Structure formats: structure tokens, C-alpha cells
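Written below as C-alpha cells is the structure these notes are about.
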Amino acid sequence: MRRYLVVANQTLGGDALLDRLRELTAEDRCAIHVLVPASADPTEAFHDEVSDRRLARERLEAALSRFGELDATVTGEVGDHRPVDAVRDVLRREQAFDRILVSTLPAGVSRWLRLDTISRIERVVDVPIEHLVGPKAPADER
């Protein structure tokens, strides 16, 4: 069984990610672990760790429900607000992932891309990384 770590936040409920996961689950039975870094909501002028984690938890729960249609075992968690640290935390506990899928907003909009998150994750893991680009999920339009 193939194991995938999905790292996403604002794009978590988008079609680009779901379509890719459908492709992967059509190829083989797999397990998917969804990691949602508790990043600050860029639409809010004020935020704190509690509200950031609450928003990440809401996105995670919606994604787990949506991904329930896939022929896969799907689990998930809210992680550190820094995506690289969040990935490291997961890999300290579970190292047997075949691939990490990182879903971001497009260049120019994505904070993660401005911070070079994909390359930074690649430098600290020994797992192939697949970068997906998608729009903000419709539920996140505020």
C-alpha cells in the first residue's frame, strides 16, 4: 500500500488536489495523511494561535469528509504554523511515506512559495515531493 503525506492549507478543499488524489487512488490502494499547518489567516487583520488552529481544524475536517469518497485510508492532523517544521514533526513519528504532496496557491499569491517552502522541505526530507498549485478553495472565499 502506498502512503502519501498531503501538506495544504488554503488549497486543501480545491479540485486540483482532489483530482490528483483520485488519480493516485485509482492506481493502487493507498493511505493518505493530511497535514494542515496552522498558518495565520491572511484575510484577518488580527489573529492568534487559537484562531489559527481552529481555522486549520475546520479545513482539515472538511477535507477529511471530502476525501472520504476516495478508495483510501485517510487520516489527518493540524500541525505547526511553519510548514517545514510541521512536516518534520510528522516524519519524526511516521517515516514511511512514498511521496509528499504540497499544495499551494499560485506564485505571486502564495506565501509558502515566497518563503521557498517547497525547496526547504526538499532539503530536510528524503521523500519525493510533488508540488500542486490550486486556487483558494471555494469555502475559503470570504
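Every number here is computed from the coordinates shown, using simple stated rules; none is lab data. Computed from a predicted structure; not experimentally measured. As a convention, Cβ positions derive from the backbone with ideal geometry for all residues, glycine included, and neighbour counts pool all protein chains shown.
Each stretch of four or more DSSP H residues adds -39500 (n - 2.57); spread over every residue of the chain, this sum gives -11500 deg cm²/dmol at 222 nm.
Checking [x] 43, 32, 27; [y] 63, 53, 38; [z] 46, 46, 33 against Cα extents along the principal axes in Å calculated from these atoms, the matching label is [x]. Packing, taken as the mean count of other beta carbons within 10 Å per residue, orders the peptides 20-28, 122-130 from highest to lowest as 20-28, 122-130.
Around the amide H of Leu101, modelled in the peptide plane, lie the amide H atoms of Leu5, Val6, Val7, Glu130, all under 5 Å away and 5 or more residues distant in sequence or on another chain.
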